[in-house]
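Data first, discussion second: the structure below is written as structure tokens.
The values are calculated or read from the model by the stated rules, or taken from the named source; none is laboratory data. Just so we're clear, the structure is a prediction, and the values are computed from it rather than from any experiment. Cβ coordinates were reconstructed from backbone atoms using ideal geometry, including for glycine residues, and neighbour counts include every protein chain displayed. Ligands, DNA and RNA are excluded from the accessible area calculation, which covers all protein heavy atoms including side chains. Shrake-Rupley method; radii C 1.70, N 1.55, O 1.52, S 1.80 Å.
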Amino acid sequence: MQGQEPNMQVAIHAGAAFTDEGRLLSSLQANGDMLAQYGVALFGPRRYRQVFKPAFEALNARPPMPDEIERIRGNLPTDPEMQRTIFTSDGFAGEKGTLLSDGQLYPSAGKRMSVLEEAFRDCQVELFLALRNPGSFIPKHLMSLTEEERKNAIRSNDLSHLSWIGMIEDIRDFAPDVQITLWANEDTPLIWGDILRSIGGLPDDAQIVDEYDLLISLLTDKGKALAKAILDAGSDQPKADTRDALAAVLDDHAQPEKIEEELDLPGWSEEIVDAFFELYEQDLSKLDSMTGVRVLKP
């Protein structure tokens, strides 16, 4: 593609489902002026639906056609000032109807990332993905389906063995040059700024607009006052100390209805959620040790 620098960075934010609810796109847009100053272009879900989704859907029957690859590639900006492009949509790793099938979460993610690796073949491609405890992710997904779809999913998948490991291993196998950045959705309020800086390719000291708004929105009035006092004093103390203080406030002053979800799937208990969480924490540690994978932490 004429005018395209070979070292363009392409950042793909792919959800996962039930982790974002549009907040990340809104925050990236709120920081749009700063992104532009650093040569970063941003495209939201509409671009995914128009360009990427048709090529991905065809994968069920055949490899992507050369014109489909070029159409995807044609979405990179030609402006020489642009050095990084962000595409965000929770459909990149898989559509809702196939999110859980073949005994795996997002079984098509690896093949989809291989298409992006091919389309952006001389670019640095990075995948960004929030994970959440399968113990809460699975019932959220199942209850979003129709009753018939839900019965089929339960009948055809062993829910007790689902984890994120298989999905990430598939992506590493199918698209080994794609760099993967993960984080636990449960940690998101504390690391929101780090997530945005990472996706934007921004320096560690870049000032993010409304960096702690998500965390503050989860607090009681007393907690909000304490958090704002900590942030007001933040410039006088190390960032890690600020995070620790905010984490303590979140533990002590969160509004229960903001952080506790009702899981409506019949037979799915808190004991099941807790058991999955133990395995989930082990999986995060394993993922953090994989080549080409990093896990953002508080």
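Annotations
- Count - residues of the stretch 120-132 that are outside any loop (DSSP other than H, G, I, E, B) and without any contact (Cβ under 8 Å) to a residue 12 or more places away in the chain: 0
- Per-region count, the stretch 157-169, residues assigned to a helix (DSSP H, G or I) and either of a type in the set (S, T, N, Q) or closer than 14 Å to LEU279 by Cα (or both): 5
- Listed conditions (1) over 29 Å from THR146 (Cβ atoms); (2) within 22 Å of the chain's Cα centre (by Cα) are all met by ASP251, apart from (2).
- Qualifying residue in the stretch 222-237 (condition: in a helix (DSSP H, G or I) and in contact (Cβ under 8 Å) with a residue 40 or more places away in the chain): no
- Evaluation of HIS253 against the conditions (1) in contact with a Lys or Arg (Cβ under 9 Å, 6 or more places away or on another chain); (2) under 28 Å from GLU117 (Cα atoms) shows that the sole unmet condition is (2).
- Residue selection: PRO134 fails the criterion of being over 25 Å from VAL51 (Cα atoms) and over 18 Å from the mean Cα position of the chain (by Cα).
- Neighbours by Cβ (under 9 Å, 6+ apart or cross-chain): first from the stretch 73-94, free of Cβ contacts under 8 Å to residues at least 40 places away in the same chain and under 13 Å from PHE43 (Cβ atoms); second part of a loop (DSSP other than H, G, I, E, B) and of a type in the set (Val, Ile, Thr): none
- Test for TYR38: is it closer than 15 Å to VAL115 by Cβ and modelled with pLDDT of 95 or more: no
- Taken over the stretch 133-156, the criterion of being part of a loop (DSSP other than H, G, I, E, B) and either at pLDDT 95 or above or open to solvent by 60 Å² or more (accessible area, probe 1.4 Å) (or both) is satisfied by ASN133, THR146.
- Here LEU182, LEU190, LEU105 are screened, and the one residue that is within 17 Å of THR88 (Cα to Cα), touching a residue at least 60 places away in the same chain (Cβ under 8 Å) and surrounded by 18 or more Cβ atoms within 10 Å (Cβ to Cβ) is LEU182.
- Test: residue in the stretch 52-61 that is of a type in the set (Lys, Arg), assigned to a helix (DSSP H, G or I), free of Cβ contacts under 8 Å to residues at least 12 places away in the same chain and out of contact with any Leu (no Cβ under 8 Å at 6 or more places or on another chain): no
- Of all residues in the stretch 267-298, those satisfying the criterion of being in a helix (DSSP H, G or I) and open to solvent by less than 40 Å² (accessible area, probe 1.4 Å) are VAL273, PHE276, TYR280, ASP283, LEU284, LEU287.
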